[in-house]
Amino acid sequence: MADPKENVLMEKIVSLCKRRGFVFQSSEIYGGINGFWDYGPLGAELKRNVKELWWNTMTRMREDVAGLEATIIMSPKIWEASGHVATFSDPMIDCKTCKGRFRADQINDISCPQKPSKMVSECAGEKTAPRPFNLMLQTYVGPIQSEENIAYLRPETAQAIFAQFKNVLETSRQKVPFGIAQVGKAFRNEVTPRNFTFRSREFEQMELEFFIKPDEVVEAISGSVATPAAAGHPGEPQPNWGWQLWHQYWVEERVRFYEGIGLDRSTLGFHIQTPEELAHYARATTDILFKFPFSKVDEQGNVKGDELEGIAARSDFDLSQHERFSGKTMGIFDEELRTAWGKLPKEKQDDLWRRYYQARKNYLEKSGVKPEDAEKDATEDANGLAKGQYIPHVIEPSAGVDRLILALIANAFTEVTDTDDKGKSETRVVMKFHPRVAPVKAGVMPLLKNKPELVKKALAVRDLLRPWMNVYYDDAGSIGRRYARQDEAGTPYCVTVDFETLGEKPELLDTVTIRHRDDGKQERLAIGELRDWLLARGR
RNA sequence: GCGGGUGUAGCUCAAUGGUAGAGCGCUAGUCUUCCAAACUAGUUACGAGGGUUCGAUUCCCUUCACCCGCUCCA
């Protein structure tokens, strides 16, 4: 159970978010709508910075990732192939006596929580009729609201990447291993939206699908598959990496990303999914957690955290599903594999063939393909190896933007109590955002408002910086008040134009005061160096 | 979906079956040479709907939203 003190902290955060314009309740003037939140002026800047950093880190700064921006509404067949239509719409039965909720098709198999000796279907509790439970938001494409026009708002962005896999491969001049990145909105009719923006019905994801060679193909080309040597970052990608090393690599890459925007390892948690938790097609999933104020505390007082991102090794399940449902091949041709295969000794070929065949057969049988068809298809797939053909496997780092924003806000939130000369103490909030994500990079202000020369110079400094970063000009009230205002917005630096800037001391002509948010320290910097100084810290 | 709590100004909180108040913030002005200074003026609220009542922000019902616990979470 969360500590009551920490719920107070969460309330303070929510209240600050509204007061300063980070997050508002959606449709607030009409009483709000459950599970939907808006970003105000500061929140919008913060979110934009985070998405841009992710995009730059994951695509522009890498040779091996290409971007995609797909639609939110897609062919409903996508969601049949992905499994969402089936798993998202189980009819559910509620028991009015024990308050339990059960899948209608399982009431004969689940024991009653109150009378474990009986199955749910046999217990005396009064139950509702089965009700459809669909977690996908649904709409109609076209003006006619008929069954055949039903479409869904995507519950995840990933499926579009799989559906467009071949197009991206052909147009991006990439070769496996490579990834496709996408940032965008997704929608889920959550049963219980909770914890401020943490679980919302409309939210944004940053997803990478990183396609790799199946281990059998790596082995055919490189002779063997490298085994993970130690925990931590495995270094630059190598041709002999199988799914395990690629998975470890992406977990560590993602942790580096979080560290780079101010969430150090001590604020994060990790959850390695157990075999029982894993989806049947997944090989491994590591969740990166953040210790939120509302995160549960266990008996030992440890906080595990709540999920920011999951990094899943998903085998070739997704592409295989789309291959089966669309009838279009999702396999790729790899010249290197074909060449290498021809040089392998017969027993090696047979060994790899058998393993690939087995994996394909398992998948097909679990997907409900008739055994004789599964054997035939798996044979065909394994025969493809010799021709340089295979279906890529995938490592999926999938992050929630809004959850990360909330983590950054919670992490930045700091209360500072100052006592003035009269002994009056006052608590104020300092949002200690990393400069890279801070909504405003610099506050620009004249020391005094009633001196036109100071104002004019300060406005010139603002205009100098404005094309390069988000800056905020403020000349209202005392300088201390303006600093405090910027502290609450999380602005890392304030630039103050004073009389020395104007040449009161000739050696300080055209220099300004830089005031640091976190310790209040000041230093002097020439206006000519200002832009590069700020840019070096803010990106 | 169930149970409990909450809903008054931008924020924090008060009072009241009979015209709703404070602090902070915000805006304008005077002043101000570095950390929410002072003064003046201004600004804004009873979540929504219905009922009881001469009269409801206050009592009752419904609804919406938020928080906590349970449930759910591909």
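General remarks:
- Scaled against the 2.2 N^0.38 Å expected of a compact globular protein of N residues, the Cα radius of gyration of chain A reads 1.17.
- Summing charges over all other residues whose Cβ lies under 9 Å from the Cβ of A:VAL176, with Lys and Arg as +1 and Asp and Glu as -1, gives +1.
- Note that chain A presents 50 Å² accessible area per residue, ligands and nucleic acids not counted, probe 1.4 Å.
- Length added when fully stretched, A:ASN56-A:ARG338, from 0.36 nm per residue minus Cα-Cα: 98.1 nm
- Annotation: the antiparallel percentage among DSSP beta bridges lying fully within region A:398-539 is about 65.
- The order of the peptides A:265-274, A:428-437 by mean Cβ neighbours within 10 Å, most packed first, is A:428-437, A:265-274.
- Stretched out straight at 0.36 nm per residue, the stretch from A:ASP518 to A:GLU147 would grow longer than its current Cα-Cα span by 127.8 nm.
- Distance between the modelled labels on A:THR329 and A:ILE33, one decimal in nanometres: 4.6 nm (7 Å Cα→Cβ projection).
- If you take all other residues with their beta carbon under 13 Å from the beta carbon of A:ASN450, and give Lys and Arg +1 and Asp and Glu -1, the sum is +1.
- Amide N proximity, region A:245-272 versus A:ASP64 label position 7 Å along Cα-to-Cβ, cut-off under 15 Å: A:245-254
- Pairs of lysines in region A:424-539 (C-alpha under 24 Å apart; 8 or more residues apart or interchain): 15
- Loop-located chymotrypsin sites (Phe, Trp or Tyr not before Pro) in region A:356-394 (DSSP state other than H, G, I, E, B) with a sparse environment of at most 10 neighbouring Cβ atoms within 10 Å are absent.
- Remark: the A:ARG539-A:ARG428 segment gains 37.2 nm on full extension, using 0.36 nm per residue and subtracting the alpha carbon distance.
- Its residue count N sets the reference 2.2 N^0.38 Å, and the alpha-carbon radius of gyration of region A:440-538 equals 0.96 times that reference.
- A:LYS18-A:THR227 FRET efficiency (beta carbon distance; Förster radius 56 Å; 0.05 resolution): 0.60
- Working ranking of peptides A:172-185, A:331-344 by packing, defined as the average number of other Cβ atoms within 10 Å per residue, highest first, is A:172-185, A:331-344.
- Put a plus charge on the Cβ of each Lys and Arg, a minus charge on the Cβ of each Asp and Glu, and nothing anywhere else: the dipole of chain A about its Cα centre is then about 1080 debye.
- Charge sum, other residues only, whose C-beta stays under 10 Å from A:GLY477's C-beta, Lys/Arg counted +1 and Asp/Glu -1: +2
The values are calculated or read from the model by the stated rules, or taken from the named source; none is laboratory data. Just so we're clear, the structure is a prediction, and the values are computed from it rather than from any experiment. Neighbour counts are summed over all protein chains in view; Cβ atoms, including those assigned to glycine, are modelled from backbone coordinates with ideal geometry. Areas reflect the complete protein model, heavy atoms only, side chains present, ligands, DNA and RNA absent. Shrake-Rupley method; radii C 1.70, N 1.55, O 1.52, S 1.80 Å.
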